[in-house]
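For reference, the structure discussed in these notes is given below.
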Amino acid sequence: MTAEYKVNGSVAVITLNNPPVNGLGHATRSAIVDGMRKALNDDAVKAVVITGAGKAFSGGADIKEFNSPKASAEPTLHTVINVVENSEKPVVAAIHTVCMGGGLELALGCHYRVVSPGAQIALPEVKLGILPGAGGTQRLPRVLGLEMALNMIVSGNPVPSEKLAKTKLFDQLADGDLMEAAIAFANKVADARPLPKVRDIKIDYPNHEGFLQFSRNTVRAMAGPFPAPVKCIDAVEAAVTKRFDDGLRYERELFTELVQTPESKALRHAFFGERAASKVPDVPEDTPTREIKSAAVIGAGTMGGGIAMNFANAGIPVTILEMKQEALDKGLATIRKNYENTLKKGKLTQEKFDQRVGLIKGTLSYEEIGQADIVVEAVFEEMGVKEQVFKKLDQVMKQGAILASNTSTLDVDKIASFTSRPQDVIGLHFFSPANVMKLLEIVRGEKTGKDVLATSLKLAKKIKKTGVVSGVCDGFIGNRMIEQYSRQAGFLLEEGALPEQVDKAIEKFGFAMGPFRMGDLAGNDIGWAIRKRRYIEKPDITYSKTADLLCEMGRYGQKTSAGWYDYKPGDRKPYPSQVVNDMIVKHSADLGIQRRKISDEEIVQRLVFALTNEGAKILEEGIAMRASDIDMVYLTGYGFPLFRGGPMLYADIVGLQNVVMTMERFARGRHGEAWKPAPLLARLAAEGKSFN
Ligand code: 3H9
């Protein structure tokens, strides 16, 4: 059952009961209509109250049903709202905790609304790339006025109910028991006629054209590639300019159009992907977790400092350990400076500044961190160094402490083997800058305890990261894939492209930064060091040597004011470099390659499909649990454009058969061996299926 029906005196109560958030899926919608029918057919019932069980009035339409026949099956949400609005008996919405999207639209179809303080009221559809499609854009402006309604619809942000208490949206703010208040209200209005309908309210806004045009210009500039925000304005405009039913029809048209856009698919994918990522099939939600009340970080470098800030921001005291006083002082000063900058920008209060800075302290002694509940190692990326640190941690850390490594490529099982407690060891791979980037790769070792994994996932939420679980392999999910992307970027240079063209093409596709600008920012010497190791460990793997030649020229990137691009002092803007471009052209000639004109389309396909193909291998090997986890890694850690949904969803949208055919074409070119489709990709394409 997805809605309960009970009669309380002369008031019928319909309680939505579709956990977790009373999504208005087909079964719930049917149950509401059934309840209304019962109430209308029962002479003893004089009024109806609609409310929600559990932790929401309603979170809105059931997003999982979108693009399925259930979404449009009768009774649709429109039908439900019609039944409610046209009821001859008064219908009162009793609203609490969460009232969003279709939930708010249903409430707006009721004749009266009683609300608890603190309820989150929103039309958040725009965040899913759509707009309110069941009358929200037509009814909300009628109760809140044009400006406030437009703000809520275009931003999608929730507003607490008490802030709206004095508007026509609510008839009563119930301080005490909500149901008691709603039933009393229903009894009070049982005989009131005619019943008020939001649709009958007139919107009075002189000069709405000017206001809407101004809003449209502002929103267009901010919406980037997403079509929904501007369409929200179009729909709200209809509330002012069209008859109610025509406005409703127009809203419906726009909704149907938007729900099919790849941008909306991508946003919905990210919504569910973020939530799915925190679920591990063999680690049930009720797995006991360890308490994290204090933390330690080994290493006060950029990474260590950023990691420590995460703990402090979440109110967890953290001690940073360094080997030398000078390095420690430098690290602590950098952290302080970061906080000072945020304070200066007005993004942090003095009180929060003092609190956060006060939670971070430094030490030179391992003994001082022994009582921490978790320690995160962020030292030099070299197995010998990790060995020393973990042996020491094994000696000093209290029993039950979590021993985490921030390694980005090294074998976490090997690191765990340096301790006598591999069940306590896990990888927590932060991304730079660690206090900013959303991604946290949680690397589950062979022996990592389930409670340690569950605690790490919970910690990720606490420090406001998107935690994605990865198995152990070289580079885990993110860096293992980026290696294939970087290889293609290098080959493109050999074959005819220049750094600027490659960067521009992929940035136009939507990446925050192309591979060469990224290399200059991160330091080209880092990739160089990794490749040198690879040349020994994996002699079969081919790389373009251009990046090595660049490093041999001492061009490490922004830090040396020269990398793939030239930089001017105090200026991060990249300027195309003649010496580098000459070096690239000469290198092609040395290899006997006839340079050719490469299209932007080829650049994008080679970079993105290289990610997809490696992602497919990672999925098949079980390193990632699901395709959406891979997409979350790329959306939150690697600047993959959100509106494209990640490398796996993007390939699904292009069509896996098309992806494979394109790869077959690349396989006939230079370094064709890189383009052998991963078995999973080949299989899914042949079966006409997709990753997600
Ligand atoms: C709409 O209404 C369209 C209409 O205008 C027109 C129709 C014609 N559907 O976030 P949480 C699940 S569009 C299905 O972790 P919280 C979520 O997946 C809709 N499932 O909890 C998760 O599942 P699981 C407009 C939904 O307490 C669980 O609930 N509405 C929906 O931090 C808990 O979620 C929105 O866009 C849904 N609508 O936050 C609201 N909502 O446990 C989107 C949630 O299996 N939702 N789930 O992983 C939210 O903003 C938050 O989930 C909410 C609760 C604030 C409700």
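Placing unit charges on the Cβ atoms of the charged side chains and taking the dipole of the stretch 478-686 about its Cα centre, the candidate lying farthest along the positive direction among 579, 646, 509 is 579.
Placing a pseudo-label 7 Å from each Cα along the Cα-to-Cβ vector at residue 205 and residue 157 gives an inter-label distance of 1.8 nm. Entry note: the stretch 478-686 has Rg to Rh equal to 0.96, where both radii use alpha-carbon atoms and Rh is the Kirkwood radius.
As a proxy for reagent exposure, 123, 150 were ordered by neighbouring Cβ count within 10 angstrom, fewest first; the result is 150, 123.
Other residues with beta-carbon under 12 Å from the beta-carbon of residue 30 carry, at +1 per Lys or Arg and -1 per Asp or Glu, a net charge of +1.
In the chain, the longest principal axis of the Cα atoms and the axis of helix 26-41 are about 10 degrees apart. Only Lys, Arg, Asp and Glu carry charge here, each on its Cβ (+1 for the first two, -1 for the last two); on that basis the chain has a dipole of about 660 debye about its Cα centre. Per residue, the average separation of C-alpha pairs within less than 8 Å and at least 6 apart gives the chain a relative contact order of 9 percent. Quickly work out the residue 256-to-residue 371 label distance, labels modelled 7 Å from Cα along the C-beta direction, and quote it in nm with one decimal. Computed distance between label sites residue 371 and residue 256 equals 6.7 nm.
Would you please state which residues of the stretch 560-589 a label at residue 302 would reach in this model, taking the label point 7 Å out along Cα→Cβ and a backbone N cut-off of under 18 Å? From the stretch 560-589, the list is 560-574. As a proxy for reagent exposure, ranking 666, 476, 214 by other Cβ atoms within 10 Å from fewest up yields 214, 666, 476. Taking 30 Å as R0, compute the FRET efficiency from the Cβ-Cβ separation of residue 508 and residue 620 and round it to 0.05. According to the calculation, E is roughly 0.45. For trypsin sites (Lys or Arg not before Pro), the sites in the stretch 349-449 that DSSP calls loop and that have at most 11 other Cβ atoms within 10 Å are 398.
Label reach from residue 676 (point 7 Å along Cα→C-beta): in the stretch 470-501, no amide nitrogen lies under 11 Å.
With semi-axes defined as the square roots of five times the eigenvalues of the C-alpha gyration tensor, the equivalent ellipsoid of the stretch 390-518 measures 35, 16, 11 Å, largest first.
Length gained on full extension, residue 438 to residue 413: 6.5 nm, using 0.36 nm per residue less the C-alpha separation. Computed over the stretch 295-470, the range of Cα coordinates on each principal axis works out to 45, 33, 26 Å, biggest value leading. Of the chymotrypsin sites (Phe, Trp or Tyr not before Pro) found in the stretch 330-391, the ones in coil according to DSSP and having at most 16 other Cβ atoms within 10 Å of their Cβ are 380. May I ask you to derive the relative contact order of the stretch 478-686, considering only C-alpha pairs under 8 Å and at least 6 residues apart, and to give it as an integer percent? Reported relative contact order: 24 percent.
How much FRET efficiency would the formula 1/(1 + (r/R0)^6) give for residue 325 and residue 535, where r is the Cβ-Cβ distance and R0 is 41 Å, rounded to 0.05? Plugging the Cβ-Cβ distance into 1/(1 + (r/R0)^6) gives 0.60.
If the chain linking residue 7 and residue 243 were pulled fully straight, counting 0.36 nm for each residue of separation and taking away their Cα-Cα distance, it would gain 81.3 nm. Please determine, in degrees from 0 to 90 and to the nearest 10, the orientation of helix 450-462 with respect to the longest principal axis defined by the Cα atoms of the chain, where the helix direction is its Cα long axis. Orientation of helix 450-462: about 70 degrees from the principal axis. Among beta bridges from DSSP that stay inside the chain, the antiparallel ones total about 30%. List the pairs from 64/279; 345/568; 414/532 whose alpha-carbon separation is above 19 Å, in the order I gave them. Distance filter (> 19 Å) returns 345/568; 414/532.
Using the empirical formula 2.2 N^0.38 Å as the baseline, the Cα radius of gyration of the chain reaches a ratio of 1.09.
How large is Rg over Rh for the stretch 1-136, taking Rg from the Cα atoms and Rh as the Kirkwood inverse mean of 1/r across Cα pairs? Value, to two decimals: 0.94. Identify, among 623, 611, 660, the residue whose Cα sits farthest towards the positive end of the charge dipole of the chain, taking +1 on the Cβ of Lys and Arg and -1 on the Cβ of Asp and Glu, with the dipole about the Cα centre. Toward the positive end, the furthest listed residue is 611. Sparse packing (at most 14 other Cβ atoms within 10 Å of the Cβ) combined with a DSSP loop state is found for the following GluC sites (Glu not before Pro) in the stretch 239-334: 285, 291.
Computed from label points 7 Å out along Cα-Cβ, the spacing between residue 271 and residue 55 is 1.7 nm. When each of 528, 675, 564 is scored by the number of other beta-carbon atoms lying within 10 Å, the sequence from fewest to most is 528, 675, 564.
Beyond 30 Å in Cα-Cα separation lie the following of the pairs 391/545; 464/545; 127/242; 462/676; 344/438; 89/168: 391/545; 464/545; 462/676. With respect to the chain, whose longest principal axis is taken over its alpha-carbon atoms, helix 578-590 is tilted by about 70°.
Only the coordinates and a few stated rules stand behind these numbers; no lab work does. As the structure is a computational prediction, the values presented were derived from the model and not from experiment. Every residue, glycine among them, receives a Cβ derived from its backbone with ideal geometry; neighbour counts consider all protein chains shown.
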